[in-house]
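Here the structure is laid out as structure tokens; the discussion comes afterwards.
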Amino acid sequence: MGAVKIRPRERGAIIQSLRAGVTPRVGLEHIQVGRVNEIKALIEDLERICEGGSAFRLIIGDFGAGKSFFLQLVRYIALEKGMVVMNADLAPDRRLYATGGQARALFQELARNIATRAHPEGNAMVPIVEKFITEQRKIADTEGRDVSEIIKEKLSSLTEMVGGYDFAQVIAAYWEGYNNGDENLKAAAVRYLRGEYGTKTEAKRDLNVRTIVDDATVYDHIKLLSRFVCQAGFKGLLVNLDEMVNLYKLHSQRARASNYEQILRILNDCLQGSAENLGFLMGGTPDFLTDERKGLYSYEALRSRLSANTFAQVANVVDYKGPVLTLQNLTPEELYVLLFNIRNVFANYDKDKYLVPDEALTAFLQHCSQNIGEAYFRTPRNTIKAFVDLLSIIEQNPELKWETLLSSVKVESETDPSLVTIENGQRVISSDEPDADDDELTDFKL
């Protein structure tokens, strides 16, 4: 056990994240348990992306079932494979499709979180562009040619794509600023790539381009980035979108339909092979998928593509190859191993520093079972949070006995806020009265 090492920074990040009920961004390998088949399926997807293909997956699970953890784990694997990963949570002000800036806000969040193996924390846009330039300088030195000429040649394939000509212009502008020491020009290029220009006038003044990243072109720019990162020497681009349930919560039927139409466009591109070196993972709840009034199943074209494999249902097996990957529940045994791993993290893998003995793990799970029933392993987030809180208190107060504390540990089952919808950024609660305008549920503001 002592051979395993965990860096203090990783240990701190894991403990702090789990206490807050969120997924750690680092050190996932120290606490990962179960879901072997799901991980194998996603690794196959990543390998297909690296070979020039594409992938689309909906990761479906209840609140607290581990969707975000699973997405972060796949993100970690993708970075290790030499891919670039963009990730963001959807929110009332971040959507796939909008006309009021919400889609551009989603792109900006994705661009902020763009990561590589060398920059796993995000903000990797500049390193990616400079890696591309470094690669072209090597070619120019070898062939005795001008760097600008090489860059122009390399980016010519982008010009056939929507917004590709201006994208190529911006990369060329970054090289010009890089070569001439013009920091303002470099900053303008990066600002464009991050989707931070609000008007075309500003972008034309600074970079002499006619287009910017706006609500209508977000997906087109993601496709441009997927090709560009490959030209910079990376294997492909993975886009992780979590909290997709925020689309389900939208009050306006039209807004939901527009966003679902965008999901359909992405799905078709990925499954028909129109996208290259590009993958999308979208995390959502069962209601987001199967609700026939407000979920993806309310959009017939998506329902026909995302419906469960009937043969798998008849045979009572899981289809790991379809576009929908439903996370299987952790077993009580797997949850025990997870608590065991968390105890190891606290103790830095030193048995002599264990804060509680093995029987405490069993007693804790029994306590959770008595309090909230089987939800303690079906949606384990609150169970894990309570266990980390328990270890933290014992770590700070070694004189305390775990047996005494256990009876007072409060563990609550996950609540499903999916009945809360979003209207103009405000939270509203659905009633059962039909809405005259939208054939929806009437909503009363809290």
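The values are calculated or read from the model by the stated rules, or taken from the named source; none is laboratory data. These numbers were taken from a predicted model, which means no experiment stands behind them. Cβ sites come from the backbone with ideal geometry, for glycine too, and all protein chains shown count toward neighbours. Remember, those area values only see protein heavy atoms, side chains included, never the ligands or the DNA or RNA. Shrake-Rupley method; radii C 1.70, N 1.55, O 1.52, S 1.80 Å.
Could you calculate the FRET efficiency of residue 401 with residue 29 from 1/(1 + (r/R0)^6), where r is the beta carbon distance between them and R0 is 45 Å, rounded to 0.05?
So the FRET efficiency works out to roughly 0.90.
Can you give the relative contact order of region 56-215 as a percent, counting alpha carbon pairs under 8 Å and 6+ residues apart?
It rounds to 18 percent for region 56-215.
Of the candidates 38, 292, 47, which one comes out as most mobile in a Gaussian network treatment of the chain with C-alpha springs shorter than 10 Å?
Among 38, 292, 47, the largest GNM mean-square fluctuation belongs to 292.
Full-extension gain between residue 13 and residue 40, please, as 0.36 nm times their residue separation minus the C-alpha to C-alpha distance.
Using 0.36 nm per residue and subtracting the Cα-Cα distance, I get 7.1 nm.
What whole number of Å gives the distance from the Cα centroid of region 205-279 to the Cα centroid of region 35-53?
20 Å
Given the DSSP H assignment, sum -39500 (n - 2.57) over each helix run of at least 4 residues in the chain and divide by its residue total; what's the result at 222 nm in deg cm²/dmol, nearest 500?
-15500 deg cm²/dmol
Given axes a ≥ b ≥ c from the Cα gyration tensor, I'd like to know whether region 204-260 is rounded (a/c under 1.5), prolate (a/b larger than b/c) or oblate.
It comes out oblate by the Cα gyration axes.
Under a GNM of the chain (C-alpha, springs under 10 Å), which listed residue has the highest mean-square fluctuation: 22, 85, 218?
In this elastic network of the chain, the residue with the biggest mean-square fluctuation among 22, 85, 218 is 22.
How large is the charge dipole for the chain, taken about the Cα centre, if only the Cβ atoms of Lys, Arg (+1) and Asp, Glu (-1) carry charge, to the nearest 20 debye?
Computed charge dipole of the chain: roughly 1000 debye.
Gain in length, residue 257 to residue 208, computed as 0.36 nm per residue apart minus the alpha-carbon separation, to one decimal in nm?
14.1 nm
Considering the chain as a Gaussian network with a 10 Å cut-off on Cα pairs, which listed residue, 365, 400, 296, attains the greatest mean-square fluctuation?
Ranking 365, 400, 296 by mean-square fluctuation puts 400 first.
Tell me, what HN-Hα J-couplings in whole Hz come from the Karplus equation 6.51 cos²θ - 1.76 cosθ + 1.60 at θ = phi - 60° for each residue of region 231-239, using x for Gly and Pro?
Computed from phi, the couplings for region 231-239 are 5, 7, x, 8, 7, x, 10, 10, 10 Hz.
Is there a pair in 204/235; 40/249; 5/40; 321/385 whose C-alpha atoms are over 29 Å apart, and which pairs would that be?
Those over the limit are 204/235; 40/249; 321/385.
Ignoring any ligand, DNA or RNA, what whole percent of the accessible area of the chain comes from carbon and sulfur when the probe is 1.4 angstrom?
The value for the chain is 47 percent carbon and sulfur by accessible area.
Pop out the ³J(HN,Hα) list for region 381-386 in order, Karplus 6.51 cos²θ - 1.76 cosθ + 1.60 with θ = phi - 60°, rounded to Hz; leave Gly and Pro as x.
4, 5, 4, 5, 4, 5
Counting only heavy atoms of the protein chains, get the accessible area per residue of region 126-257 (1.4 Å probe) and round it to a whole Å² value.
With the other protein chains kept in place, region 126-257 gives 44 Å² per residue.
Under 19 Å from the 7 Å Cα→Cβ point of residue 138, by amide nitrogen: which residues of region 93-128?
116-119, 126-128
Could you work out the relative contact order of the chain? I mean the mean sequence separation of Cα pairs under 8 Å and 6+ apart, divided by the number of residues, in percent.
Contact order relative to length: 23 percent.
Within region 1-40, whose backbone N sits under 14 Å from a point 7 Å along Cα→Cβ of residue 352?
The answer is 1-3.
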